[in-house]
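Notes for the one structure printed next.
Every read-out reported here was derived from the displayed coordinates using simple, explicitly stated rules and does not represent laboratory data. All figures in this text were calculated on a predicted structure; none of them were measured in a lab. Counting neighbours? That spans all protein chains shown, and the Cβs are built from the backbone with ideal geometry, glycine included.
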């Protein structure tokens, strides 16, 4: 799935960093079930903390949006992160005796801090399109990973995680985000975004966020 017109161009600009992210050893461990439970739980804790900041970034996007339609999309994503995706992490961790208060109080790893603050800084220092370039690798990359793993995974204890990101609700959200990026790019850059002087900077932002995703998976493998 392409998720619009702009996202595939950013993904191509990221080069090998994109495959390093979407086909990381952590991801392949989810696919074939070889990922250790300790690594997965460590990832869930850090990803919960990540989602707290990610929800704040999407809330910031509400304030950066140009239209009511775009505000509604960003607000809906913020609610979905808080009320759905974070609750899934809470449920998975509760099965291992980790309650939400413990999750929220956990210490953020350096890779987590670097990534989330990069995204927030992109939004606070730039406009809506700068923020979307920083948000897109996580939001749309997980959709791409989910679909690939759903099509290729065998028996794995991580099928619930795969089903979440391959599921119709998440994929519909990805389609909305892809369309949002295209609308904002057209308004900010015109009909030929790649000819805009801003295009290289946006590609760099997207690529840096992709590299930070690789670092997040690396962190997951080092509980």
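For this structure, a couple of remarks:
- Tilt relative to the chain, helix 68-80 - C-alpha long axis, 0 to 90 degrees, to 10: 10
- Cβ-derived FRET efficiency at R0 41 Å, residue 37 paired with residue 175, nearest 0.05: 0.80
- Degrees separating the helix 199-220 axis from the principal Cα axis of the chain, which is the longest one: 0
- Residue exposure proxy: 104, 216, 118, ordered by other Cβ atoms within 10 angstrom of their Cβ from fewest to most, comes out as 104, 118, 216.
- By average C-beta atoms within 10 angstrom, highest first, the peptides 11-18, 181-188: 181-188, 11-18
- Contact order normalised by residue count of the chain, Cα under 8 Å, 6+ apart, percent: 39
- Sorting the segments 20-30, 61-71 by their residues' average number of neighbouring beta-carbon atoms within 10 angstrom, most packed first, yields 20-30, 61-71.
- Prolate/oblate/rounded label for the stretch 1-111 (Cα gyration tensor, a/c 1.5): oblate
- Tail weight of P(r) past 22 Å, computed on alpha-carbon pairs of the chain, percent: 49
- Spatial separation of Cα centroids for the stretch 80-152 and the stretch 155-223, in angstrom: 12
- Extension gain, residue 53 back to residue 221 (0.36 nm per residue minus Cα-Cα distance, nm): 58.3 nm
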